[in-house]
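Notes to accompany the following structure.
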Amino acid sequence: MASRNVLQQQNIGEAVPGALKQKNMAAAAQGRNRKALGDIGNNVVTVRGVEGKPLPQRPITRSFCAQLLANAQAAAENQKKSLVVNGDAPIVAKGALAVKAAAKKPAHKKVAVKPKPDVIEISPGTEEQVKENKQKKKAGDDSSLKKATLTSTLTARSKAACGLSHKPKVQIVDIDAVDVNNELAVVEYVEDIYNFYKIAENESRIHDYMDSQLEITERMRAILIDWLIEVHHKFELSQETLYLTINIVDRYLAVTTTSRRELQLVGMSAMLIASKYEEIWAPEVNDFVCISDKAYSHEQVLGMEKRILGQLEWYLTVPTPYVFLVRFIKAAVSNAQMENMVYFLAELGLMNYATNIYCPSMIAASAVYVAQHTLNCTPFWNDTLKLHTGFSESQLLGCAKLLVSYHMEAPEHKLKVIYKKYSRPERGAVALQPPAKSLLAASLYE
């Protein structure tokens with residue numbers, strides 16, 4: 001009995017190592033299967049723990065999932081063995097089902113796998129999120145497109161209601177194109193020249209000087225300018241000479257207190273200086289003495305000439321309204337009648353002291369603007385004029401109303417030299433045109 005028990009214990013003791021050996025062999029075979037499967041494609045798989053608790057799934061691609069499933073099914077059919085469930089066996093996921101496949105395979109049999117290009121791995125959750133983002137983005141694009149379409153539709157309807165849908169585009173006219181071959185027009189530098197004039201006119205602006213003059217009034221100045229325009233016409237001098245003469249008179253009176261008796265002498269000497277500056281053949285001193293009915297002597301005229309030049313420091317190159325008138329008339333693409341009307345209004349403005357508060361370029365632009373209204377030349381103001389003058393209609397309205405009021409007063413005014421000058425046929429009789437009264441009722445904010 002004792003030997004039998006010992007034998008049984010020995011048999012039991014031998015059985016345990018044999019079972020362990022078989023278990024180890026099965027594990028080794030299973031390990032070989034894992035190694036072979038582990039070499040296929042990507043290593044991204046989903047596994048289940050020993051305790052049955054699912055671990056976080058690693059992302060796999062659809063193509064890799066299908067390949068693993070096909071290999072597992074082929075191994076099951078060939079070997080006709082049951083699947084071995086092991087904690088380390090790979091699980092191929094497809095939808096909500098999981099197929100666990102681990103088959104014992106011969107050592108000499110290997111699965112031939114073609115090399116596959118690198119792919120971007122997307123887990124099921126990530127894939128759903130990407131699809132959701134794409135749908136949101138598409139919905140957002142559709143909504144923005146719909147919004148843009150709705151906005152453009154409403155804008156088009158508003159323009160159509162206001163009559164702006166078929167408004168033609170106004171092109172800026174190149175006013176220097178006709179003078180490209182004219183060397184005297186200096187087309188290459190003309191814009192720079194007028195930009196300099198704009199700066200220089202502010203440096204030589206005439207401030208209000210009537211309060212500092214003890215014996216001279218605005219009416220006395222108007223009488224002097226009216227007489228100088230008549231002398232200018234009799235001597236047949238250029239337009240540049242007239243505008244420079246008036247500029248010299250105002251600048252001298254702005255810095256020097258002058259008596260009533262010397263006011264005409266200042267005007268004569270100023271015209272003598274302007275004639276020497278602008279004319280090819282300037283009038284002589286005796287011509288001015290004779291035209292003044294010998295109110296002043298030869299020496300007095302020359303003496304006043306020296307005083308004026310000394311006070312002005314020989315600074316005679318200044319932008320007068322005339323230099324701007326030439327440019328703005330050209331920008332208006334005007335005819336002879338339009339040109340005469342502009343000069344008529346500009347000279348009315350020069351004769352009246354109130355226009356001195358405006359710069360020369362604004363006086364010139366306002367004369368063109370009022371002339372357009374007076375002769376009913378539409379459009380009254382366009383982009384070409386706005387570009388070259390630098391002023392809008394609202395900016396010109398204050399000075400323009402003054403010029404219209406001067407035109408209305410001209411037929412009944414006591415100083416009629418300008419009115420008669422521009423009532424002649426050679427000047428187009430533009431002074432006889434009805435004034436643009438509609439501008440007087442215009443608002444500054446239109």
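Within the stretch 223-293, the trypsin sites (Lys or Arg not before Pro) that combine a DSSP coil assignment with at most 12 other C-beta atoms in a 10 angstrom radius are 260, 261. Taking 19 Å as the limit for the C-alpha separation, the pairs 276/421; 276/306; 234/420; 234/416; 330/386 exceed it in the case of 276/421. Restricting the stretch 182-212 to chymotrypsin sites (Phe, Trp or Tyr not before Pro) that sit in a DSSP loop and have at most 14 other Cβ atoms within 10 Å of their own Cβ leaves 189.
Taking 0.36 nm per residue of separation and subtracting the Cα-Cα distance, full extension of the segment from residue 313 to residue 432 would add 38.6 nm.
Label positions at residue 188 and residue 409, each projected 7 Å from the Cα along the C-beta direction, are separated by 4.8 nm.
Note on the stretch 311-388 and the stretch 403-446: Cα centroid distance 14 Å, given to the nearest whole angstrom.
Placing dummy labels 7 Å off each Cα toward the beta-carbon, the span from residue 176 to residue 157 is 4.8 nm. When Rg and the Kirkwood Rh are both derived from Cα coordinates, the Rg/Rh ratio for the stretch 248-392 amounts to 1.05. A Förster distance of 60 Å, applied to the separation of the beta-carbon atoms of residue 383 and residue 297, puts the FRET efficiency at 0.60. Measure off, as a whole percent, the carbon and sulfur share of the 1.4 Å-probe accessible area of the stretch 207-312, all protein chains present. In the stretch 207-312, the share of accessible area belonging to carbon and sulfur is 49 percent.
Beyond a 28 Å Cα-Cα separation, which of these cross-linked pairs lie in this structure: 294/414; 198/437; 198/414? Pairs exceeding 28 Å: 198/437; 198/414.
The chymotrypsin sites (Phe, Trp or Tyr not before Pro) found in the stretch 223-286 that occupy coil by DSSP, while having at most 15 further C-beta atoms within 10 Å, are 281. Ligands, DNA and RNA left out, the accessible area of the stretch 321-440 computed with a 1.4 Å probe is 54% carbon and sulfur.
Would the stretch 239-287 count as rounded, prolate or oblate if I go by the C-alpha gyration tensor, calling it rounded below 1.5 in a/c and otherwise prolate when a/b exceeds b/c, oblate otherwise? Taking the square roots of the gyration eigenvalues as a ≥ b ≥ c, the stretch 239-287 is oblate.
Our coupling estimate for the stretch 67-76, obtained by passing each phi through the Karplus curve with A = 6.51, B = -1.76, C = 1.60 and θ = phi - 60°, is 5, 4, 5, 5, 5, 5, 5, 5, 5, 5 Hz, Gly and Pro reported as x.
Dividing the convex hull volume of the alpha carbon atoms of the stretch 321-440 by its residue count gives 92 Å³ per residue.
Counted residue by residue at 0.36 nm each, then reduced by the alpha carbon distance between them, the extension gain from residue 357 to residue 207 reaches 53.3 nm. Rounded, prolate or oblate for the stretch 176-255? Axes are the square roots of the Cα gyration tensor eigenvalues, ordered a ≥ b ≥ c, and the cut-off for rounded is a/c under 1.5. The shape class here is oblate.
Summing Cβ point charges (Lys, Arg +1; Asp, Glu -1) relative to the Cα centre of the stretch 321-440 gives a dipole of roughly 220 debye.
When the square roots of the Cα gyration tensor eigenvalues are ordered a ≥ b ≥ c, the ratio a/c for the stretch 214-321 is under 1.5, which makes its shape rounded.
What's the FRET efficiency of residue 336 with residue 199 using the Cβ-Cβ distance as r and R₀ = 25 Å, to the nearest 0.05? Rounded to the nearest 0.05, the efficiency is 0.20. When the Cα positions of 359, 321, 423 are compared along the charge dipole of the stretch 321-440, 423 comes out farthest toward the positive end, with charges on each C-beta of Lys, Arg, Asp and Glu.
The values are calculated or read from the model by the stated rules, or taken from the named source; none is laboratory data. Keep in mind that what you see is a predicted model, and the values were worked out from it rather than measured. We place every Cβ from the backbone using ideal geometry, glycine too, and count neighbours over all the protein chains shown. The protein model used for the area step is the full one, side chains on, heavy atoms only, and it has no ligands, DNA or RNA in it. Shrake-Rupley method; radii C 1.70, N 1.55, O 1.52, S 1.80 Å.
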